[in-house]
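In what follows, a single structure is set out as structure tokens and then discussed.
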Amino acid sequence: MALQAVLGALCCRILSELAVSTTMKYTQEKLAAIAAKLRDMPPVEKKPQEHSKQEAIKLLKKEIEAMQKRGYTLDQVSEALRGEGLDIATPTLKSYLNRARPGGAKANGKAKASPAAESVQRQEVDPAKASFDPKPDSDEI
């Protein structure tokens, strides 16, 4: 019993000290010292923004399209990009350019369905021609 009383008193003391430390007041002098230290801190160097390959192609889209107007093929463009350190395959470049265009593959959130897929979606199933007959639920496993 004595141990429980000691532990209880110790817990109360710790809790009261924690409550005091969280409600600590700061003098004007202490705040002035903190402000001076904050002002003396060196500026933080900004890290250059990095881009994914897809973002890079989006940013370079105008230059790439200008190259194509001058007669360059996508193979030649992707080779030039690889020469500059942007390692990208021609099919990937073509895909990223399509996505970067207004109305591109993901402009409305979905890729456009092929005509064959649309015809499959439009077909309705005749219940008389169904491939199986549904049976009512039973208690048997």
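FYI, it's all coordinate maths here, none of it is from the lab. All of these numbers come straight from a predicted model, not from anything done at the bench. Every residue, glycine among them, receives a Cβ derived from its backbone with ideal geometry; neighbour counts consider all protein chains shown.
Table for the structure above
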quantity: Residues that are of a type in the set (Asp, Glu) and under 18 Å from residue 101 (Cα atoms), drawn from the range 43-87; calculated: 55, 63, 65
quantity: Selection status of residue 82, within 25 Å of the chain's Cα centre (by Cα), at negative phi and surrounded by 11 or more Cβ atoms within 10 Å (Cβ to Cβ); calculated: no
